[in-house]
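The values are calculated or read from the model by the stated rules, or taken from the named source; none is laboratory data. No experiment lies behind these values; they were computed from the predicted model shown. Positions of Cβ are backbone-derived with ideal geometry, glycine not excepted, and every protein chain shown enters the neighbour counts. SASA here: full protein model, heavy atoms, side chains in, ligands and nucleic acids out. Shrake-Rupley method; radii C 1.70, N 1.55, O 1.52, S 1.80 Å.
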Amino acid sequence: MLERWFRLRENGSDVRTECLAGLATFLAMAYIMFVNPQILSAAGMPPEAVFVATCLAAAIGSAVMGLYANYPIALAPGMGLNAYFAYSVVQGLGFSWQAALGAVFISGCLFIAISLVRVREWIVDAIPRSLKLAISAGIGLFLAVIGFKNAGLIAANPATLVGLGDLHAPSVLYAGAGLLLIVALEARRIRGGIVIGILAVTVAALLFGHARFAGVFAMPPSLMPTLLQLDLAAALNAGLVTVVLTFFLVELFDATGTLIGVSHRAGLLDAQGKLPRLRRALLADSTAIAAGAVLGTSSTTAYIESAAGTAAGGRTGLTAVVVALLFLAALFLSPLAATVPPFATAPALIYVAILMSYGLAELDWNDLTESAPAVICALSMPLTFSIAHGIAFGFISYAGIKLLAGRWRELPPAVALIALVFIAKFALL
């Protein structure tokens, strides 16, 4: 049955290889079980229910990707988008987390709609590569600020806006040691380096009395506090238009880029360099976004950590199905997730930020009309503490610089249109 469904021999794989690949992917991305509840708790969401929603959203998304699209790519609530959800939409703009979940659901429905038609290709192809790189790097820098803040490495300073934290605080020492450990493990290509780092810091904090042990195994907590709590009426508020647009754009670029990037490394692209069954893969991704919002978590997306599984030989959807099963098994680890302190997950945020910042190296620094808007976009995200504002400034500056430089022919209509939407939004504030 597995052979017929996943075409294992045709893809040069077998059940054992796919199972090991699924385990490798799960270990590489399992940190989201600990990090996502902590981030979304900043929005006032109950962390126990978010833990369950995170595992279920990852299981559903990965299973759909594996069974429907037959790709070895796992899904889970995305890093960056969860921070935007909690710190920008809820804390910054003052919307309820229920309204934010409604915005995520609407963005998922829009994603489903464009995945069914060719609008997706028009949008993705029209957005300049420099802005795509800048959005990814900017989200990384945004995560870095949150990681440094949770670790206590930086603190508010009325004179300089931000300053050095208390370096004698235990949280700083734990986070610093955790970051060094994670980077060293990843540099040695040890699978699950991020999870090992988080757990090592947690164990050390428990031994020295800086964390409270809540247990390891238990029946899954109730999902009811977040299940079906999305507020669609509030999400349709005019003030959330930009929020929906931001969720939608980041989800679109993140999903497409991850799918193509992981598939390229795994040799799954066709002779023309395109991804077969791309529409199915994007439908799986967008369906997972809507399902995650219903369950009670921020946007679910394809994980670049899936490359750990393809490096281990995963070539079919069976790899993703194994990841889904492991996330279901992880539902019984909720006490362990409650034990992990924020300073233990801070190094994971900073490490992910390092990976996401790589894109800046690929900018064409000799063309100011490309590099300047990208830098404005990337820097605006951490400095305004808003992914949405960073994207807005990136699109507006790109359109303005191209026009004033006399290179308006290089300005894609989609970019000009999105820039006008953001300008109108700021003008009406």
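Just one of the numbered conditions (1) at pLDDT 90 or above; (2) under 13 Å from residue 323 (Cα atoms) is not true of residue 72: (1).
Per the conditions (1) of a type in the set (Val, Ile, Thr); (2) out of contact with any Ser or Thr (no Cβ under 8 Å at 6 or more places or on another chain); (3) open to solvent by 50 Å² or more (accessible area, probe 1.4 Å); (4) over 26 Å from residue 100 (Cα atoms), the sole criterion not satisfied by residue 375 is (3). Only one of the numbered conditions (1) open to solvent by 20 Å² or more (accessible area, probe 1.4 Å); (2) in contact (Cβ under 8 Å) with a residue 60 or more places away in the chain; (3) touching a Leu at 6+ places or on another chain (Cβ under 9 Å) is violated by residue 278, and that is (2). Only one of these conditions is not met by residue 275: (1) of a type outside the set (Gly, Ala, Ser); (2) at pLDDT below 85; (3) in a helix (DSSP H, G or I); (4) under 19 Å from residue 256 (Cβ atoms). Which number is it? It fails just one condition, (3).
Checked against the criterion of being open to solvent by 10 Å² or more (accessible area, probe 1.4 Å), hydrophobic (A, V, I, L, M, F, W, C) and touching a residue at least 40 places away in the same chain (Cβ under 8 Å), the candidates 101, 75, 81, 27 yield just one match: 27. Listed by first and then second residue, the pairs with beta-carbon distance under 9 Å, at least 6 apart or on different chains, first residue in the range 342-367 and within 16 Å of residue 179 (Cα to Cα) and part of a helix (DSSP H, G or I), second open to solvent by 70 Å² or more (accessible area, probe 1.4 Å) and of a type in the set (Phe, Trp, Tyr), are 346/148; 349/148; 350/148. The helices (runs of 4 or more DSSP H) falling completely within the range 92-208 that include 1 or more residues that are at pLDDT 85 or above and farther than 19 Å from residue 358 by Cβ map to 97-116, 129-151, 170-187, 193-207. Within the range 219-247, the set of residues being over 20 Å from residue 290 (Cβ atoms) and at pLDDT 85 or above comprises 219, 220, 221, 222.
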